[in-house]
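I have placed the structure first, in the form of structure tokens, so that the comments after it can refer back to it.
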Amino acid sequence: MLAPIQNPALNWVLVAGSLVVSILILMVLHSSPPYVRRWVIVGITFLAGLYVPLEFYIPKHNFLTIWRDPIGDLMRVLSGFTIGLGIINLVIVHGRHILQRTPNFPFSLAFFVGFISMTVVGLLHRYKPELWAQKPGAGELAFWSAANKVFFEGMLLPLTSTVFSLLAFFIVSAAYRAFRIRTLEASLLMVAALIVMLANVPIGTWLTSWLPTEGFLKWLRFENAGLWLTTQINAPAMRGILFGAAVGSLGAALRIWLSIEKSFAFGGQ
Amino acid sequence: MEHANWNTIYPYLVWTLTAIIGLGILLASLGKKLHIRRLPAIDAIEEAVGRATEMGRPMLFVPGLAGVDVPTFQAIAIAGHVARLAARYRSRIIMPVTDTVILTMAEQVLREAYAEGGAPDAFRPEDIRFLSGEQFAFASGVVGLMNRERVAANFFFGSFAAESLILAETGQALGAIQIAGTPSTLQIPFFIAACDFTVIGEEYYAVTAYLTREPILLGSVWGQDVCRILLTSLIFTTTLAQKFLPEFVINFLTKAG
């Protein structure tokens, strides 16, 4: 039943049938009273939440394993449907800015130009890379493939790298605020940060290079003190936080699975 | 995906912890009174909403960078509470998202929250915005939103990565009151440095229980605390007694899953 279907005609019939069934289910859900919808959501959440641990904890391949791939496909199809909603959201928000000529409407125009050109170039690169263009020479990219390369590698990647590089400046301003010596904690933070920074630059190693490499005094060398701070102080603290959060995550997952977390999705309506 | 290895401690541990949390929920539903300690960061949410209302400016709630996962669900639940408060003052919340599934969930939760808060007409669907699935495109979109809308309060709850500081520092420069909470341990220092209040570690998963004071949610938090005490005791006792434990016990405890 779960094997791929080789007959293309039958495939189309099944796709159309699935669409009709999906629309019917949506219509029934939409017209049903809220408490019915709530129980449908609670039931599906419970069954979906039950499947994954059962399949995982029953040893080896079991009667549930066969459903693993179809369920993964189902999730992908559901996500695919919501991408359309994301695009509709963007078009509505930016379309309104343009129609109402809000003060920032040029940004919305930039969105439409970027969105349409990226989509068109991406689709042509994928399906018709030589459309309306000369055939490429040996070792050359087809016109739309070259355009796609310019858009992605020449524009999108440098833009994202630019935003990422801003982080360096933000780290400096955040560090300045965090390290201002006002309290005992800030002073300790400042000293620890100074040691770790010096431990990671050549000048730090050079500053304490006159200290012995063996015995108790070796711990006063910046590289050793920095290593000690990161592995013996910072790492256990981080693990402690992670440890607490992991148990918290288990509790939250249980609350979601049993639909106890009423604040979202199931609502109080 | 592999299957669980029952020759290791992990499957037993997970089911034991689950049972303990379940017991906490059961005890709470039977009427056991439970206490949760004060979380100043969460108390500050109302102050932040009030301040944004006084200034007549919107608030921004960023539910992290992840898709459908437990931290994001938790963030959406917190957003629901913030929206209920905002509805009381008829304030505006802008919620940029990076995942289209979260977009639909967030819209539904905020719509219901505004209705519960008594101001369904104050909800603006266009304020729930899908910006981009790309990390830094999303970050630059959020930074642009903050600057254009001159937000008065920022809430950062959910899973974050390198963009956390870009967002929080922009908010700081704008003078917005900022409250953050994340289970992403690497981002916690950034939020502590740039935000007014930060929820860390397990506190993140206790926020909805703290906000609603629902006995069943408090029961799950109580169960989690019992789990932490048990796990810590297990680590300490087995570490101290490792020289006296038989080899098969050591193997059982230390074998990778």
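The values are calculated or read from the model by the stated rules, or taken from the named source; none is laboratory data. Just so you know, these numbers come straight off a predicted model, no measurement behind them. Counting neighbours? That spans all protein chains shown, and the Cβs are built from the backbone with ideal geometry, glycine included. With ligands, DNA and RNA removed, areas are computed over all heavy atoms of the protein, side chains included. Shrake-Rupley method; radii C 1.70, N 1.55, O 1.52, S 1.80 Å.
A few points about this structure:
- Just so you know, in segment B:159-201 the residues that are acidic (Asp, Glu) and surrounded by 24 or more Cβ atoms within 10 Å (Cβ to Cβ) include one that is farthest from the other protein chains (Cβ to nearest Cβ), and it is B:GLU163.
- Test result for A:PRO212, open to solvent by 40 Å² or more (accessible area, probe 1.4 Å) and under 29 Å from the mean Cα position of the chain (by Cα): no
- Members of segment B:59-84 found to be open to solvent by 10 Å² or more (accessible area, probe 1.4 Å) and either farther than 24 Å from A:GLY49 by Cα or more than 14 Å from chain A (Cβ to nearest Cβ) (or both), listed by number: B:HIS81, B:ARG84
- Among the conditions (1) over 27 Å from A:LEU254 (Cβ atoms); (2) of a type in the set (Ser, Thr, Tyr); (3) loosely packed, with under 11 Cβ neighbours inside 10 Å, the only one that A:TYR35 does not satisfy is (1).
- If the condition is being in contact (Cβ under 8 Å) with a residue 12 or more places away in the chain, over 12 Å from B:PHE61 (Cα atoms) and not β-branched (Val, Ile, Thr), then segment B:141-167 contributes B:GLY141, B:ASN147, B:GLU149, B:ARG150, B:SER159, B:PHE160, B:ALA161, B:ALA162, B:GLU163, B:SER164, B:LEU165.
- Close pairs (8 angstrom Cβ cut-off, 6 or more residues apart or separate chains): at the interface with chain A (Cβ under 8 Å from one of its Cβ atoms) and open to solvent by less than 10 Å² (accessible area, probe 1.4 Å) in segment B:210-222, among the charged types (D, E, K, R) and in a helix (DSSP H, G or I) anywhere: B:LEU217/A:ARG255; B:SER220/A:ARG255
- Lone unmet requirement of (1) surrounded by fewer than 24 Cβ atoms within 10 Å (Cβ to Cβ); (2) away from every other protein chain (no Cβ under 13 Å) for B:ALA153: (1)
- Exclusive hit being open to solvent by 50 Å² or more (accessible area, probe 1.4 Å), of a type outside the set (D, E, K, R) and at the interface with chain B (Cβ under 10 Å from one of its Cβ atoms), set A:LEU220, A:LEU207, A:LEU159: A:LEU159
- Check on B:LYS243, more than 10 Å from chain A (Cβ to nearest Cβ), in contact (Cβ under 8 Å) with a residue 12 or more places away in the chain, closer than 24 Å to A:PRO236 by Cβ and not β-branched (Val, Ile, Thr): no
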